[in-house]
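Structure first, commentary second.
The values are calculated or read from the model by the stated rules, or taken from the named source; none is laboratory data. These figures come from a predicted structure and were not determined experimentally. Cβ: placed from backbone, ideal geometry, glycine included. Neighbour counts: every protein chain shown. These area figures cover heavy atoms from the full protein model, side chains too; ligands, DNA and RNA do not enter into them. Shrake-Rupley method; radii C 1.70, N 1.55, O 1.52, S 1.80 Å.
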Amino acid sequence: MKHILFPIAFICAAPALQAQTTTLTDLENQFIQSNSQLLASKFNIDKAQAEIIQEKLWPNPTLSISEVNLWKTYNIEKQPYLFGKYGQNQQISVDLQQMIETAGKRKKRVALKQLDQKSATFEYEELLRELRKELRLTFYDLQRIQQEVKHLNVIVELYTQMYAQYQRQSELKNVSTADFYRIQTELIGLQKQQIEIENEQFEALSKLQILTHNHSLDVSQIKFETSANIKSQILPINLVEIAKEQNIGLKRQLNEKAKAQQLLVLEKAEKKPDLTVQMNYDRGGNIMSDFIGLGVSFDLPVFNRNKGNIKAAEIGIIQEQSNQLTVENNLIQSIHQLRNQLIRIEKSLQNWPVDHLKNQKQMLDNYKKHFQNNQVTLLEFIDFTQAYREANQAYFQLQQTYQNTFEELQYIVGKDF
């Protein structure tokens, strides 16, 4: 009985497996989980965190041992043994040094490294958004290609049937050879377009496979959705304000400005000399047989007060402020341009009838009947099919441009709507 139930269960489950589809959201999830370029960029954040940990550490103390004589020295005062019967005639000097940074230099370097970590985080976010935008644009490109393939196949099938009919009639001398050649030439041109668009389809699908690392992805598995929403209506009024808070390029630039300011703070601290605290032990080196002394050393800021580096850091702040203004101006201009472009494309799409594709298919069928009834000439029929193909291409490309413009706007603002 079990041997019978298993094939039945497999047969019942097979349609469900075949019906499995992949949406744009599914592709984005696969991309986030599997894209190796994205995963590799994320390690830069961990590296920056490790550098912060390293920067928090104090410099190691320095231990030096000197003035050790390995042989026996005579004509000296007797000294106590170091250990056992050794050391009565030996001299030794031990020096321990520890550098202490002044003016909070270590904390200031840690703060600078923390800003470096933020830069690594912004780079990761920027790469994520760029690749996700590329994924979406490729998805819409493949959607447009699929629509064109579907309509092109209808025309190719029509001309293939006409080619077979005209070939027979031409052999029977019922139609002119010139008309047969016109049909043949048009069919060859359509087949050439078919090959070109299949190549475009392969390239778009390959790009999706690379981005998602799903090499078994097939066009038949992808579910394309044509949204009829008027996208300009879902855009908030304060796009510029949102972009100033969310745009990753502006965030990075503000962080670069903060790094320049922190670098100036550090360079000003560098003009203050560090201290090196010393403790040394000298055995048999002077009038005291076991001498322990303390000391301190530091540079005298006479010739070098770090003026050049401080001046360079001040110039760096002015430079980053100028870069910030440039980024903000470009951002505002791009938002206005894309928003206006989106509205213009919407108006153009609204000029197309809602069911124009269905109406055009009906017109094609009617034109085919008129042609078969000799109510239109062959040249008129060819002109109509070419116009039919060009009109559909224009509509599909306009739809893709509309989707791409909206995605570019979302990318620049830094938020999905």
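Annotations
- Complete set of residues in segment 391-402 that are open to solvent by 30 Å² or more (accessible area, probe 1.4 Å) and without any contact (Cβ under 8 Å) to a residue 40 or more places away in the chain: 394
- Filter pass, residue 165 being within 29 Å of residue 30 (Cβ to Cβ) and not charged (D, E, K, R): no
- Check on residue 122, hydrophobic (A, V, I, L, M, F, W, C), without any contact (Cβ under 8 Å) to a residue 24 or more places away in the chain and more than 30 Å from residue 197 (Cα to Cα): no
- Total residues in segment 162-173 satisfying the condition of being surrounded by 13 or more Cβ atoms within 10 Å (Cβ to Cβ) and either under 21 Å from residue 389 (Cβ atoms) or of a type in the set (Gly, Ala, Ser) (or both): the figure is 5.
- Residue list for segment 260-317, restricted to those being touching a strand residue (DSSP E or B) at 6+ places or on another chain (Cβ under 7 Å) and closer than 24 Å to residue 116 by Cα: none
- Of the numbered criteria (1) of a type outside the set (A, V, I, L, M, F, W, C); (2) in contact with a strand residue (DSSP E or B) (Cβ under 7 Å, 6 or more places away or on another chain); (3) part of a loop (DSSP other than H, G, I, E, B), the one residue 80 fails is (2).
- Matching residues in segment 188-244 - criterion: being touching a residue at least 60 places away in the same chain (Cβ under 8 Å), part of a loop (DSSP other than H, G, I, E, B), farther than 18 Å from residue 35 by Cβ and of a type outside the set (S, T, N, Q): 223, 224, 225, 230, 235, 236
- Restricting 385, 405 to those that are modelled with pLDDT of 90 or more and either assigned to a helix (DSSP H, G or I) or within 41 Å of the chain's Cα centre (by Cα) (or both) reduces the list to 405.
- Among residues that are surrounded by 12 or more Cβ atoms within 10 Å (Cβ to Cβ) and not β-branched (Val, Ile, Thr), residue 205 is included.
- Pair list, Cβ under 6 Å, 6 or more apart: segment 166-177 residue farther than 17 Å from residue 371 by Cβ and among the hydroxyl-bearing types (Ser, Thr, Tyr), other residue open to solvent by less than 60 Å² (accessible area, probe 1.4 Å) and in a helix (DSSP H, G or I): 177/170
- Selection count where residues are outside any helix (DSSP H, G or I) and open to solvent by less than 50 Å² (accessible area, probe 1.4 Å), scope segment 26-63: 2
- Complete set of residues in segment 375-390 that are surrounded by 15 or more Cβ atoms within 10 Å (Cβ to Cβ) and touching a residue at least 12 places away in the same chain (Cβ under 8 Å): 378, 381, 382, 384, 385, 388, 389
- Long-range neighbours under 9 Å by Cβ, at least six apart or interchain, first residue within 24 Å of residue 115 (Cβ to Cβ) within segment 25-47, second among the acidic types (Asp, Glu): 41/123; 44/123; 45/123
- Residue that is nearest to the chain's Cα centre (by Cα) [pool: residues in segment 247-268 that are under 14 Å from residue 111 (Cβ atoms) and open to solvent by less than 20 Å² (accessible area, probe 1.4 Å)]: 255
- Selection of first residues in segment 103-114 that are in a helix (DSSP H, G or I) and of second residues that are open to solvent by 30 Å² or more (accessible area, probe 1.4 Å), restricted to Cβ pairs under 6 Å at least 6 apart or on distinct chains, gives the following pairs, ordered by first then second residue: 108/265; 109/55; 110/55; 110/56; 111/262; 112/262; 113/51; 113/55.
- Look at segment 293-312: where a residue is closer than 18 Å to residue 100 by Cα and open to solvent by 100 Å² or more (accessible area, probe 1.4 Å) and a partner is assigned to a loop (DSSP other than H, G, I, E, B) and not β-branched (Val, Ile, Thr), sitting 6+ places away or on another chain with Cβ atoms under 7 Å, you get 298/273; 298/274; 299/273.
- Failed condition for residue 405, given (1) open to solvent by 30 Å² or more (accessible area, probe 1.4 Å); (2) in contact (Cβ under 8 Å) with a residue 24 or more places away in the chain: (1)
- Odd one out for residue 265, checked against (1) at pLDDT 90 or above; (2) in contact with an Asp or Glu (Cβ under 8 Å, 6 or more places away or on another chain): (2)
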